[in-house]
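Report on the structure given below.
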Amino acid sequence: MDLEFSAEDQAFRAEVREFLATSLPEGLRRKVENGVELQRDDIMSWHRILHAKGWAAPNWPAEYGGPGWTLAQKYIFDEEHALAAAPRLVSFGLNMCGPVLMGFGTDAQKQRFLPRMLSGEDVWCQGYSEPGSGSDLASLTTTARRDGDHWVINGTKTWTTKAHWADWCFLLARTSNEDRKQQGITFILLDLKTPGIEIRPIILMDGLHETNMVYYDDVRVPVENTVGEVGKGWGIGKYLLAHERMSGGSLGPHKKLLSQLKSIAADGETSGGAPLAEDPDFARKIAAVELELKTLEAFTLRSVDALSRGGDLGGQALGAEANIFKIRNTEIQQRLTELKMQAVGYYAQPYLYAALTQGWNEPPIGAEYANGCTPNYLHFRKVSIYSGSNEIQHNIIAKAELGL
């Protein structure tokens, strides 16, 4: 195993840094660093810049319009992208549905959907969770009934992130009730302009609008929008979730937050008249989370190295490693936001929602970085639940790896 990057990879890192330094708009960077709510135009403007460079889809092969990077280069790009405070693109098409279409879609589906997904002309969302089916996704009840050349879809999806921005949705629907509950589930692509769809906002704990309830009432979808075999969508859905759990595996966002946290403790906040970084208890907490982050990074780089060499990680390229990464990644993310709340102290409490929205021009209460603490802390409570709760991930690992 070699965890060192090659000279070529280091040169690539320098190229990425130079591009981000010269191409990322300063106003967009400041919004990301200070937790200002990003609008669709913010994200899509950056998408267009990356697409013009040929870097909008780092994990896509060249044959589909991606840069054709190695795993190491993709890792480096993800890391530098986060360290530069560049906004993450909407990932449901590029990182989830795109790989599914490459692996399971027809040639016609690839030609129709992938180019517009890559360019950002179509934004996608994911229709998985339901009011009664979250981590137990196989219990979903949204139905797709065959009527000639169409599916007629009825049901409700919840926590549909960015549905209010999206043009298309990929969803799982039940097309049969025979056999085990995992059977009879089909993967379907859906134009959100189709009659019978209603999107209602869900306002999260941070006061911002990111997720939605989506209602489907006799929505007619062409059968040609079925991906893979009818009734075999469960396997496709699991394939997609593995990509979601490993998405952003470079840990760059955590490194960025840790760096900011250290700066706050050294230069911004005090304890007993001395810099907070000199407080033994707080210094111990920072050291502990940094050690966890470095350990997870070594685990991730080991996986990247094995896959780069053609290894299968003991049987599955994105098997238990994705589950392990999801658990530790989300735990560290939550711990970092908790520590930032502790560091900022009282100034984290006067949470001004308006200061996180477009057009706010009043001076901040305390340091500029303080206003985003509470909403970020609240927002990231969810990360240990979505993509399959961490409790479910532990069960999967226990069954698959330990035989329990």
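The values are calculated or read from the model by the stated rules, or taken from the named source; none is laboratory data. The structure presented is a predicted model; accordingly, all values stated were derived computationally and were not measured. So basically every Cβ, Gly included, is an ideal-geometry build from the backbone, and we count neighbours across all protein chains shown.
Within the range 38-54, the residues that satisfy the criterion of being assigned to a loop (DSSP other than H, G, I, E, B) and either on the phi > 0 side of the Ramachandran plot or surrounded by 16 or more Cβ atoms within 10 Å (Cβ to Cβ) (or both) are 38, 54.
For the subset of the range 69-82 comprising residues that are assigned to a helix (DSSP H, G or I) and not aliphatic (A, V, I, L, M), which member is nearest to the chain's Cα centre (by Cα)? So the residue we want is 78. Looking only at residues in the range 360-404 that are hydrophobic (A, V, I, L, M, F, W, C) and within 23 Å of the chain's Cα centre (by Cα), the one that is surrounded by the most Cβ atoms within 10 Å (Cβ to Cβ) is 373. Limited to the range 18-32, what total is found for residues that are of a type outside the set (A, V, I, L, M) and surrounded by 15 or more Cβ atoms within 10 Å (Cβ to Cβ)? Of the residues in the range 18-32, 4 are of a type outside the set (A, V, I, L, M) and surrounded by 15 or more Cβ atoms within 10 Å (Cβ to Cβ). More than 22 Å from residue 182 (Cα to Cα), at pLDDT 90 or above and either surrounded by fewer than 18 Cβ atoms within 10 Å (Cβ to Cβ) or among the acidic types (Asp, Glu) (or both), is that true of residue 306? In short, no. Against the condition of a type outside the set (Asp, Glu) and either in the same structural domain as residue 371 (by TED's automatic domain parsing) or in contact with a Gly (Cβ under 9 Å, 6 or more places away or on another chain) (or both), how does residue 108 come out, does it pass? No: the conditions fail for residue 108. Report yes if residue 160 is surrounded by fewer than 22 Cβ atoms within 10 Å (Cβ to Cβ), in a loop (DSSP other than H, G, I, E, B) and β-branched (Val, Ile, Thr), otherwise no. When the stated conditions are applied, residue 160 does not pass them.
Residues in the range 138-167 that are in contact with a strand residue (DSSP E or B) (Cβ under 7 Å, 6 or more places away or on another chain) and either closer than 25 Å to residue 379 by Cα or among the acidic types (Asp, Glu) (or both): 149, 156, 157, 158, 159, 160, 161, 162, 163, 164, 166.
Taking the conditions (1) part of a helix (DSSP H, G or I); (2) touching a residue at least 40 places away in the same chain (Cβ under 8 Å) in turn, residue 57 satisfies each one other than (1).
Collect the residues in the range 106-143 that are more than 28 Å from residue 40 (Cβ to Cβ), assigned to a helix (DSSP H, G or I) and more than 22 Å from the chain's Cα centre (by Cα), keeping them in residue-number order. Within the range 106-143, 107, 108, 139 meet the criteria. Among the residues of the range 83-94, those that are within 15 Å of the chain's Cα centre (by Cα) and surrounded by fewer than 22 Cβ atoms within 10 Å (Cβ to Cβ) comprise 86, 87, 88, 89, 90, 91.
Annotation: of all residues in the range 212-257 being among the hydroxyl-bearing types (Ser, Thr, Tyr) and modelled with pLDDT of 95 or more, the one that is surrounded by the most Cβ atoms within 10 Å (Cβ to Cβ) is 216. Among residues of the range 75-87 that are farther than 10 Å from residue 16 by Cβ, those with a beta-carbon under 6 Å from a residue that is part of a loop (DSSP other than H, G, I, E, B) and among the hydrophobic types (A, V, I, L, M, F, W, C) at least six positions away or on a different chain give the pairs 86/24; 87/38.
Take the range 146-161 and flag every residue that is over 31 Å from the mean Cα position of the chain (by Cα) and not acidic (Asp, Glu). If the condition is that a residue be over 31 Å from the mean Cα position of the chain (by Cα) and not acidic (Asp, Glu), then 146, 148, 150 are the ones that fit.
Against the condition in a loop (DSSP other than H, G, I, E, B) and outside the structural domain of residue 159 (by TED's automatic domain parsing), how does residue 66 come out, does it pass? Answer is yes for this residue. Among the residues of the range 230-247, is any touching a residue at least 24 places away in the same chain (Cβ under 8 Å), more than 20 Å from residue 153 (Cβ to Cβ) and either polar (S, T, N, Q) or in the same structural domain as residue 79 (by TED's automatic domain parsing) (or both)? Checking the range 230-247: at least one residue is touching a residue at least 24 places away in the same chain (Cβ under 8 Å), more than 20 Å from residue 153 (Cβ to Cβ) and either polar (S, T, N, Q) or in the same structural domain as residue 79 (by TED's automatic domain parsing) (or both). Is it the case that residue 212 is within 21 Å of the chain's Cα centre (by Cα), among the polar types (S, T, N, Q) and in the same structural domain as residue 152 (by TED's automatic domain parsing)? When the stated conditions are applied, residue 212 passes them. Among residues of the range 174-191 being within 26 Å of residue 118 (Cβ to Cβ) and in contact (Cβ under 8 Å) with a residue 40 or more places away in the chain, the one that is surrounded by the fewest Cβ atoms within 10 Å (Cβ to Cβ) is 189. Residues in the range 249-275 that are of a type in the set (S, T, N, Q) and over 16 Å from the mean Cα position of the chain (by Cα): 259, 260, 263, 270, 271. Scanning the range 7-37 for residues that are outside any helix (DSSP H, G or I) and modelled with pLDDT under 90 turns up 34, 35, 36, 37.
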